[in-house]
Amino acid sequence: MIVPILAVQQRFTGGIMENTWPVSVPAMLLIACLLSATQAAAQDSCKLYNIDFAQKAPDAPYAITAKGNTIGRVLPPKGEGPKPRQIPVCIEPKYAAIFEKNAFAYVSNGSISILSIWPSSTKLQENASIKGFTSLFDALAYVVQMIPQIVEETIRGFLATILDAVFGTKDGTQANSAQPV
């Protein structure tokens, strides 16, 4: 039977006409809402970052670890085609601070470990990338290569702090006022 605005599916069961539409549509809407809410909750419960590998990214669905703790997971790469070099990762919010300027990743014992060459106050924004390596040897070669840059940045920061304390800040104010003798 067709109702003027809505087509209602009816079936005959045991001498009684039964409408199945009123039950099936709300059930489908409820399922769709629950799936949507679950996906939104999953997105809200993690921070998204990327790991850029020099070669193709590893295949396995690795856990992301730091200091022996599981802090996140690898997400499926976006799109089809050749194997990507960049993989998206979902990191628990309380561990997001690990993703900083000097952080890098390497594949080890079935996980991708996140390390920092030198602590940095520059935290990465969500969706930023860190370098990834498929072996510890490649990661150590990267660390050795970065040491001069890190030393230079550390010395510059230290000197800037001292100069600001002695001569004042860039806006013309003086940090230490002159004392009468």
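The values are calculated or read from the model by the stated rules, or taken from the named source; none is laboratory data. This one's a predicted model, so the numbers in the text were calculated from it and none came from an experiment. We place every Cβ from the backbone using ideal geometry, glycine too, and count neighbours over all the protein chains shown. Keep in mind that these areas ignore ligands, DNA and RNA; they rest on the heavy atoms of the full protein, side chains included. Shrake-Rupley method; radii C 1.70, N 1.55, O 1.52, S 1.80 Å.
How would you rank 147-158, 123-134, 95-106, highest first, on the average number of other Cβ atoms within 10 Å across their residues? Write out the running numbers ahead of the final one.
Details: 147-158: 11.5, 123-134: 16.4, 95-106: 20.2.
Ranking the peptides 147-158, 123-134, 95-106 by packing returns 95-106, 123-134, 147-158.
How much accessible area does D52 have with a 1.4 Å probe, in Å² rounded to the nearest 10?
Counting only protein heavy atoms, D52 exposes about 60 Å² to solvent.
Sum up the charges of everything whose Cβ sits under 10 Å from the Cβ of E92, counting Lys and Arg as +1 and Asp and Glu as -1, but leave E92 out. All intermediate terms of the calculation are to be shown ahead of the outcome.
On the way: positive: K47, R73, K94; negative: none.
Counting the neighbours of E92, the net charge comes to +3.
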